[in-house]
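Participant: Provided herewith is a single structure, encoded as structure tokens, for subsequent inquiry.
Every number here is computed from the coordinates shown, using simple stated rules; none is lab data. Please read these numbers as outputs of a predicted model, since none were measured by experiment. No Cβ is skipped: glycine too gets one built from the backbone with ideal geometry, and neighbour counts run over all protein chains shown.
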């Protein structure tokens, strides 16, 4: 019985160490709850600053703005801030579009473009005349007109032609005629040229020389064209050089042609010759059509 009594007395009177542990446990629980409430309050403050704080700041009138430091201080200390009341409705303001016009910023102010109309100039216009072109230091020589009395005369002679000689691709021609000039002198005209038969036309191209009995003379080139079977077509000789009294002569000689076939490979030529000569070759337009055109 005494043992039972002693056990009951020990149970009714708890040990001091057990009382101290219980008290400490309760204090720790209370402190953890207090810390949790403070953390929750801080989370609410952060949410209000991010979501509702900016809306409240944009809706509040000048002089009534709520600072983040005031809200944080009031929440942490447990004292409500009258300026951070729920009348600002931060949540609603953040979800509804605002209709108020944004305040103009100095950085975004649009400056009207300057007028593109140029102001009238008060400077007198430059009336200085442009520089005149200096005259050439040397005057070009005047064109020498065709000779007043060109070489004129009549001619008569024989032309021979051969096929397949190798000198020309098609036909080899050789023409030598005697010329009686109107001024009483005599001359001889010689032409070496190649002929080509294409279709119903004949084409010729070669060189010539005209030797006068006084030692003067002319030389140059020519081209010719005539229909096959013709009795003669006029053509021109291009004078490119002169000798003796005709030195430096340039120009042309126009010939009329009366052609008569004597035999195969032999033809008789006769007609007139007129040579228009100058020192620079400007003898005017030729009355004979260019066979190359």
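Participant: On a full-extension model of 0.36 nm per residue, what is the gain between residue 213 and residue 183, subtracting their alpha-carbon distance, rounded to one decimal in nm?
Facilitator: Working: separation 30, 0.36 × 30 = 10.80 nm, distance 1.20 nm.
Additional length available on full extension: 9.6 nm.
Participant: Separate question: For an R0 of 22 angstrom, estimate the FRET efficiency from the Cβ-Cβ distance between residue 245 and residue 279 and round to the nearest 0.05. Could you put the intermediate results ahead of the total?
Facilitator: Numbers: r = 13 Å, r/R0 = 0.59.
It comes to 0.95.
Participant: A further question on this structure: Starting with the fewest neighbours, write out 191, 262 ranked by other beta-carbon atoms found within 10 Å of each beta-carbon.
Facilitator: Arranged by neighbour count, lowest to highest, 191, 262 become 262, 191.
Participant: Multiply the residue gap between residue 266 and residue 26 by 0.36 nm, knock off their C-alpha separation, and tell me the result in nm, one decimal place. Before the final figure, lay out each step's value.
Facilitator: On the way: separation 240, 0.36 × 240 = 86.40 nm, distance 15.12 nm.
Taking residue 266 through residue 26 to full extension adds about 71.3 nm, to one decimal.
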